[in-house]
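Peer 1: Structure in structure tokens, see below.
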Amino acid sequence: MRRRTDCAMRTHVLRASVVALFLAGSTGLAAAIKDAEAASHGDTAAVQTVVKTYEFPGVKIVQLNLAVLSHYSYFVVSGTEALMVDPDRDIQVYLDMAKKEGWAVKGVFLTHSHADFVAGHSEFTKALGCSVYQSKESGAKYSINALSDQQTVPWGEVTLQFLSTPGHTPDGMCALVFSKADKAKPLAILTGDTLFVGSIGRPDLMGGTMAASALAGMSYDTWVNKLAKLDDGVIVLPAHGAGSLCGANLRDEPSSTIGTERKSNPYLQHKARNDFITAVLEGLPDAPQYFKHNAQMNREGPPLVTWSAPLPSVPALDETLTDVNTSYVVDLRDATSFAAGHIPNSVNIALRGRLETWVGIMVPWGNRTVLCGSGAELKEAVYRLHRVGYDIAGTVGIDAWVAAKQPVLSNEPIQPRLLYQRMKDGTAPVIVDVRLPSEWMGLRIGNVVNLPLNLLGELAPTKLDAQEPVVTVCNSAYRSSMGIGVLERKGFKKVSSMVGGSEAWIEQGLPVIQPAAPGGTMLSQPKRVVRLPDRIDPSALKRLLMDLPGTCDLVDVRPAEQFADYHLSGARNVELADLISDPAFLTGAGPLVIVDRDGSLAMAAGGILSQKTERQVKVLFGGLGAYWRDAEMGGPVKAVPLAPAASASPSAQPAAPAPSAPQAPQAPKKKSAGC
């Protein structure tokens, strides 16, 4: 009797869940708009971490990533000799790693005069006395080993060959890496900002000293006359990944090959010089104002930093700190804390994000910059802002400001559902989307005004009424919280931000507006996107099970007697209600693959699970009937005996599948910059 009651309850749960799947708003689109900004909000994003090691006979290349700047730096190691390529200014992580591995850093190679960060060549020269290798065209004001086109340099047991590759900058230079076994055929190329994965370096960062079209023409020549002549198998190792403002539309992989870029890089598909130049110049985002200053610092040799220096002193806690003409206060706290109370005219550039880039975009170079936050936040922020050349005039905690009996501003964040209701009622305030125009045109929460954050201070006074309430929105509320301070500095009195941004809006099932087609008009009716599992056809599943056994969780939801009669090797029998209710199925190292008789129940269960997890969920298209018909026509499928006392719960399985072969570490997935 109890068994029948349990089955009835499970059936009720299943039916309710299936109904909920088709009635609820989709969360898939929320995941789709997560981007490089959101991907760089974690604690580890602000430190250099090893992405991958590329090993060849006699040499290995260790790739590190600084996610908050989307910047790759490299060790090229042969024997015990290491060459440091494009290091960040804070070099301690490199020194610690070299010491741990027993490497002697003998030189620093700069692929060009970087603009988006202050490089670490001065710091390395001070710490180790090593040489700086750089193009003879760099205009460097410090001592360098000047490199010429085609010049070779022996390094340990291998050889490096340097190629002059102007385009992103006039002094661009790549380095070919040859293995010990074959010193005539290069295996990898360090491309700096010349060639990215899926893109090329933008040519408009010279501050007007050289026409962007002229540099774009140089990029064309560099590709056609040099890089395109390399073998398809040469590994491409760039200085930046997705999210960098040194290029547009970078893909989210840490490396590529010449052959892959030859076939898939959209810029390299243009065979005519004029078409190439036009494509490169089209649609470039505004360059942050700090870029030209960092480029100049790198050419002159960045001043050395005393990394252990105490925090800058607390400034006078009076009205001078709120005067927009004398100070720019950056509040490092999260959006919730900022809204609860902040120094008037301060701007919320939260520490857990792309602090370096956003300070460089928003805070005018040379301004009196003061930071507000906790002791730990202030210490980290001062350290990180050295990466982009900002000197901090003072630091303060919000508690000290309040204790000094100074005025505090607060805002009332608005929840997505309440804002939606007010939009329907016709009582909503002016809603300002502070994302880039391309983001706004691709997806919006309704009829909202687009004023990009980098232009908000300039456009708001002429576009908006400072006496009327304004709500700012973006993807995740990181930029919209920043927008509050920008508007307050322009005299706006009633500003708030939508909690959670568009991601939260979509997760709550609220409608969005999207283009009907690329380049088409906006849909007149809101559109929802239903998130469904991926479908895998029988032949693809068969290849997966044969070639990569143990890399997925294969779950069969048919009745036990059907499972005992026939099932796929490696599958486990799980009751349908257990599958959708047990949280253990929501996590795993590989995809979850669900099979049934004809694919119908598996698709429903997969759809339910897809709403709960970011894990990849796949459903066998057509079920096991299709698998037998399409994938096993060459011979019968042997039934696999049912394991004794098999359990429905993954946590209670008597034996785990054999582990798969170790896989190379993969870089976190990232998309275009912004949040």
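The values are calculated or read from the model by the stated rules, or taken from the named source; none is laboratory data. On a predicted model such as this, the values are computed, not experimentally measured, just so you know. No Cβ is skipped: glycine too gets one built from the backbone with ideal geometry, and neighbour counts run over all protein chains shown.
Peer 1: Among the residues that make up the stretch 477-494, is at least one of them hydroxyl-bearing (S, T, Y), assigned to a strand (DSSP E or B) and either in contact with a His (Cβ under 9 Å, 6 or more places away or on another chain) or in contact (Cβ under 8 Å) with a residue 40 or more places away in the chain (or both)?
Peer 2: No, because not a single residue in the stretch 477-494 is hydroxyl-bearing (S, T, Y), assigned to a strand (DSSP E or B) and either in contact with a His (Cβ under 9 Å, 6 or more places away or on another chain) or in contact (Cβ under 8 Å) with a residue 40 or more places away in the chain (or both).
Peer 1: Here's a check for you: in the stretch 374-419, which residue that is over 19 Å from M482 (Cα atoms) and acidic (D, E) is farthest from the chain's Cα centre (by Cα)?
Peer 2: D399
Peer 1: For the stretch 288-318, how many residues meet the condition of being surrounded by 14 or more Cβ atoms within 10 Å (Cβ to Cβ), in contact with a Gly (Cβ under 9 Å, 6 or more places away or on another chain) and not in a helix (DSSP H, G or I)?
Peer 2: Final tally of qualifying residues: 8.
Peer 1: Of the numbered conditions (1) out of contact with any helix residue (DSSP H, G or I) (no Cβ under 8 Å at 6 or more places or on another chain); (2) under 19 Å from T336 (Cβ atoms); (3) surrounded by 15 or more Cβ atoms within 10 Å (Cβ to Cβ), A376 satisfies every one except a single condition; which is it?
Peer 2: Result: A376 fails condition (3) only.
Peer 1: Would you say A350 is of a type in the set (G, A, S), in the same structural domain as L311 (by TED's automatic domain parsing), under 21 Å from D90 (Cα atoms) and part of a loop (DSSP other than H, G, I, E, B)?
Peer 2: Here the answer is yes, as A350 does meet what is asked.
Peer 1: Related question: Kindly establish whether L541 is over 26 Å from H342 (Cα atoms), modelled with pLDDT of 90 or more and in a loop (DSSP other than H, G, I, E, B).
Peer 2: no
Peer 1: Let me confirm something: among A517, A504, which residue is modelled with pLDDT under 90, over 23 Å from R629 (Cα atoms) and not hydroxyl-bearing (S, T, Y)?
Peer 2: Of the residues listed, the single one that is modelled with pLDDT under 90, over 23 Å from R629 (Cα atoms) and not hydroxyl-bearing (S, T, Y) is A517.
Peer 1: Filter the stretch 554-588 down to the residues that are surrounded by fewer than 21 Cβ atoms within 10 Å (Cβ to Cβ) and in a strand (DSSP E or B), then identify the one that is farthest from the chain's Cα centre (by Cα).
Peer 2: Among residues in the stretch 554-588 that are surrounded by fewer than 21 Cβ atoms within 10 Å (Cβ to Cβ) and in a strand (DSSP E or B), the one farthest from the chain's Cα centre (by Cα) is N573.
Peer 1: While we're looking at this one, here's another question. Kindly indicate which of L190, L215 is in the same structural domain as V85 (by TED's automatic domain parsing), part of a strand (DSSP E or B), under 28 Å from P285 (Cβ atoms) and touching a residue at least 24 places away in the same chain (Cβ under 8 Å).
Peer 2: Step by step, each of L190, L215 is checked, and only L190 is in the same structural domain as V85 (by TED's automatic domain parsing), part of a strand (DSSP E or B), under 28 Å from P285 (Cβ atoms) and touching a residue at least 24 places away in the same chain (Cβ under 8 Å).
Peer 1: Right, next: Name the single residue, out of those in the stretch 286-312 being touching a helix residue (DSSP H, G or I) at 6+ places or on another chain (Cβ under 7 Å) and among the aliphatic types (A, V, I, L, M), that is farthest from A119 (Cα to Cα).
Peer 2: So, considering only residues that are touching a helix residue (DSSP H, G or I) at 6+ places or on another chain (Cβ under 7 Å) and among the aliphatic types (A, V, I, L, M), the one farthest from A119 (Cα to Cα) is L311.
Peer 1: Can you give me the ranges of the strands (runs of 3 or more DSSP E) entirely in the stretch 65-182 with at least 1 residues that are in contact (Cβ under 8 Å) with a residue 60 or more places away in the chain and either buried (at least 24 other Cβ atoms within 10 Å of the Cβ) or not assigned by TED's automatic domain parsing to the domain that holds V382 (or both)?
Peer 2: 71-78, 81-85, 104-109, 152-155, 158-164, 173-178
Peer 1: Going by the conditions given, is I200 surrounded by 24 or more Cβ atoms within 10 Å (Cβ to Cβ), part of a strand (DSSP E or B) and touching an Asp or Glu at 6+ places or on another chain (Cβ under 9 Å)?
Peer 2: Details: surrounded by 24 or more Cβ atoms within 10 Å (Cβ to Cβ): yes; part of a strand (DSSP E or B): yes; touching an Asp or Glu at 6+ places or on another chain (Cβ under 9 Å): yes.
In short, yes.
Peer 1: Quick one: N294 ticks every box in (1) more than 20 Å from the chain's Cα centre (by Cα); (2) in the same structural domain as D171 (by TED's automatic domain parsing) except a single one, so which number is it?
Peer 2: (2)
Peer 1: Now a separate question. Go through the stretch 383-397 residue by residue and tally those that are buried (at least 21 other Cβ atoms within 10 Å of the Cβ) and among the aliphatic types (A, V, I, L, M).
Peer 2: Here the count works out to 2.
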